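Please read the structure below before turning to the comments.
The values are calculated or read from the model by the stated rules, or taken from the named source; none is laboratory data. Worth saying up front: this structure is predicted, and the values here are computed from it rather than measured. Every residue, glycine among them, receives a Cβ derived from its backbone with ideal geometry; neighbour counts consider all protein chains shown.
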Amino acid sequence: MPDLYGFTPTNAGRGLIASLLAGETLTITRAMVGSGKPDSLEAMAALTDLVAPVAQATSTTPVRTEDAISLTVEYRSDMNGGLQEGFAINEYGLFAKTDESAETLIFYGCLGDHPQWVYPYSPGVAPDVRDYPVKIQISSEVNVQIDYHADAFITAEEAAALLESMVQNAAGADILEITVPADAWALADAEGEEETDFPYCAEVAADAIRASHYPVVTIHPDALDTAFRAGLCPAVQAEDGALRFWARRWPAGDLAATVLLQSRSGGGAAAGGGSDYVLPPATQTTLGGVMVGENIHVTDDGKISVEDIPEPATDEEIRDIVSGSFASDAE
């Protein structure tokens, strides 16, 4: 079975859009995500519903560019009352209708052999979020609107603000705004890499990155379509001074992203939780840990105080002590 990694308007969707007259409105009724996969490209285009629908998603408001509309389908684990059991997203679809037609699956996307697992929602924990690009060619005279409130979608600016608030409550974390240039990619095997399903790699340099970091990368919405078409690998490797990315195909443009660099300690793991993070010793240029020495008192709530330190005897006091000792021996 081929790796059906990609997206396409459905046959029924093309027919619906082609039948629209000038001034008519195409209403997007819902977005869905599922766990299935069609058998072939022909079967993908012929679908009238997801192969194995699981949950309703949401989307951005459609943006028109000449004779096409673009939007992003988003699923969050806190939608629909909160996801109770985790599942692997392997497909997504967009449904629409007109005043004269029934609801139709007009667009279908599949992640092929690379499904994305979504964890159950836990109150008080940031939800699992998955974004997928949609681009549909339509007549410039056709109006497009959505029939639901896109309340689960956040913009790139809002995502950056959310990450900033997360950093305030997480130890050893930092935020970077990066761009993976289109000309930074190269064949991985040309650099001595092992052969993988993602033959292209690129590195982005930044002094703040360390190999001990756990990087969380959020691709900006305007770069999602480029990332999806290139088959960007969901895994990112942190090295001292750089982040390494992989892709199935050479990306056609730059990829802008926000990166959350978090220490592998997890920023709040309980003692004995198995963390591999070790606090470095403090130096004049590096923040780190120090050992509490003698005459330093630390209370249970972390307050430090210096205990009374005996002052050394003066030369005169030492002479008096010594002379007194010899005088006692003489007696």
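A few points about this structure:
- Considered as a group, the residues in the range 230-248 that are touching a residue at least 40 places away in the same chain (Cβ under 8 Å), of a type outside the set (A, V, I, L, M) and out of contact with any helix residue (DSSP H, G or I) (no Cβ under 9 Å at 6 or more places or on another chain) include one that is nearest to C110 (Cα to Cα), and that residue is G231.
- Y92 of a type in the set (F, W, Y), in the same structural domain as L71 (by TED's automatic domain parsing), out of contact with any helix residue (DSSP H, G or I) (no Cβ under 6 Å at 6 or more places or on another chain) and surrounded by 16 or more Cβ atoms within 10 Å (Cβ to Cβ): yes
Conditions tested, residue by residue: (1) modelled with pLDDT under 60; (2) in a loop (DSSP other than H, G, I, E, B); (3) farther than 17 Å from P221 by Cβ.
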site: D113; (1), (2), (3): no, yes, yes
site: V125; (1), (2), (3): no, yes, yes
site: Y132; (1), (2), (3): no, no, no
site: K135; (1), (2), (3): no, no, no
site: S139; (1), (2), (3): no, yes, yes
site: E157; (1), (2), (3): yes, no, no
site: S165; (1), (2), (3): no, no, yes
site: A170; (1), (2), (3): yes, yes, yes
site: L176; (1), (2), (3): no, no, yes
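- The range 32-48 residues that are polar (S, T, N, Q), paired with ones that are crowded, with 18+ Cβ neighbours inside 10 Å and part of a loop (DSSP other than H, G, I, E, B) (beta carbon under 8 Å, 6 or more apart): S35/N90; S40/L4; T48/T10
- Members of the range 210-222 found to be under 14 Å from the mean Cα position of the chain (by Cα) and either under 15 Å from R130 (Cα atoms) or assigned to a loop (DSSP other than H, G, I, E, B) (or both), listed by number: V216, V217, T218, I219, H220, P221
- Residue among A247, A186, A242 that alone is at pLDDT 80 or above, surrounded by 14 or more Cβ atoms within 10 Å (Cβ to Cβ), over 19 Å from the mean Cα position of the chain (by Cα) and not assigned by TED's automatic domain parsing to the domain that holds D67: A186
- Here P127 passes the criteria (1) in contact with a helix residue (DSSP H, G or I) (Cβ under 9 Å, 6 or more places away or on another chain); (2) surrounded by fewer than 13 Cβ atoms within 10 Å (Cβ to Cβ) except the one numbered (2).
- Restricting attention to the range 189-205 and to residues that are surrounded by fewer than 14 Cβ atoms within 10 Å (Cβ to Cβ) and aliphatic (A, V, I, L, M), the residue that is modelled with the lowest pLDDT turns out to be A190.
- Strands (runs of 3 or more DSSP E) lying entirely in the range 30-85 (those with 2 or more residues that are exposed (fewer than 13 other Cβ atoms within 10 Å of the Cβ) and of a type in the set (K, R)): none
- Members of the range 84-111 found to be at pLDDT 90 or above and β-branched (V, I, T), listed by number: I89, T104, I106
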